[in-house]
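Please read the structure below before turning to the comments.
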Amino acid sequence: MQPPWPAPLAPSPVRATVTVPGSKSVTNRALVLAALSQTPSTLHRPLRSRDTLLMAGALRTLGADIADTDTDWHVTPAPLTGPAVLDVGNAGTVMRFLPPLATLADGDVHFDGDLRARERPIGPMLEGLVGLGASMTSEGGRLPLTVHGRGWLLGGKVEVDASLSSQFVSALLLTAPRFADGVEVAHVGGRLPSGLHIRMTVEMLRSAGAIVEHADMNVWRVEPGPLNLGRVTVEPDLSNAAPFLAAAAVTGGTVTVPDWPVRTSQAGDALRHLLERFGARCRLEPEGLTVSGPDSLQGIDVDLGEVGELTPVITALCALARGPSTLRGISHLRHHETDRLAALSREITALGGDVTELPDGLSIRPRPLTGGVFATYDDHRLATAAAVLGLCVEGVLVENVETTGKTMPGFVDLWTGMLA
């Protein structure tokens, strides 16, 4: 492992335009739909990161032809074949979206990944697949996992407790058009987090020609039928824009992210409203989203249940605000790349802050922060949150900043370029 990265201090208000790479969520959903389509598809400006390269590599192993050019991925579908061994890394979309697809392969498909991937929950989704007729072998509902593909799956109605991850629902919906009877998925259990990601799944399915009904808040019905994704232009990853826009907020500067969509299903679009609650000004114009920071940040009290992935950077802003903050609705973050609530509390407190875990969130009381090593636990969003703190706190050393390559290769260059 490389030595800790010294997060640069901002000597003055940040003023920059930062072009953010494509959306991981859109890229990986599009790859799955392209592999299941009847005709070739093109992904224009896809994200090339560890998570998306793992997805593309897994689909190639199963038979899809994915040709990489300078700006595009061209996907030519083919019959799914096994036996196959797939590496999911620590990518939630790969470990959850591909087992349903693997039921359509002709042969066994074995899944495994990083050590943390073996701890992350997939059991409810696997139980749903078994209820739809799948056959598989797993270690207590976790990785490693072997799906015994038979080339088809009956499908039908199934109940799934998706309170730990909305990806359980998205996983079943994405492959549903290829099941003999389609799928009707009903979420049962506690609060469903990150519903915007399911909306993205539904919109992308419909754009590929699928018939999707969502008459009830927690029930989705996908009819069996052909898919034809065609050409998809991948939007910038709005959640990955969070640290750059936060840089404007914490330094009283101005940052523009070009090509911000006027209408999107990405959860990161909530940044516009969240940053305004801190006192920043946000302007969505044809050239992009521009954020201008206030003289000082206000504390906030907000439910982040729909946009949990923004929590690490939002927590960093709260730690630099002038008043206390409470973040709620995010207990599911304990099951992400790491236990994000425990990690944020531990690492910011180690720098002199005061962050306390709540049953479903965090309580942040600002205190003067000092430098020190900020552990990231192989979590890309912990690393970017530490970089935000480093703008205002001298001596923040970010452990394993390379983990940002999971969804944002070249983060360090983008960050230092912004400050230049």
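The values are calculated or read from the model by the stated rules, or taken from the named source; none is laboratory data. Keep in mind the model is a prediction, meaning the values are calculated, not measured. Because the Cβ atoms are built from the backbone with ideal geometry, glycine has one as well, and the counts that use them run over all protein chains shown.
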What number of residues in segment 183-199 are touching a Lys or Arg at 6+ places or on another chain (Cβ under 8 Å) and surrounded by fewer than 21 Cβ atoms within 10 Å (Cβ to Cβ)? 2
Sole residue being touching a residue at least 24 places away in the same chain (Cβ under 8 Å) and within 26 Å of R231 (Cα to Cα), chosen from R116, R96: R96
Residues located in segment 9-25, provided they are in a loop (DSSP other than H, G, I, E, B) and more than 26 Å from the chain's Cα centre (by Cα): L9, A10, P11, S12, P13, V14
Per the list (1) of a type outside the set (D, E, K, R); (2) within 27 Å of A387 (Cα to Cα); (3) out of contact with any helix residue (DSSP H, G or I) (no Cβ under 6 Å at 6 or more places or on another chain), residue check on A186 breaks on (2)
The one condition in (1) in contact (Cβ under 8 Å) with a residue 60 or more places away in the chain; (2) surrounded by fewer than 21 Cβ atoms within 10 Å (Cβ to Cβ) that Q298 fails to fulfil: (1)
The strands (runs of 3 or more DSSP E) lying wholly within segment 206-267 that contain at least 2 residues that are in contact with a His (Cβ under 8 Å, 6 or more places away or on another chain) are 219-222, 231-233
Just to be sure before I move on: is I348 within 17 Å of N400 (Cα to Cα), at pLDDT 95 or above and within 23 Å of the chain's Cα centre (by Cα) in the structure I sent? yes
Among the candidates S363, S331, single out the residue that is under 17 Å from the mean Cα position of the chain (by Cα) and surrounded by fewer than 23 Cβ atoms within 10 Å (Cβ to Cβ). S331
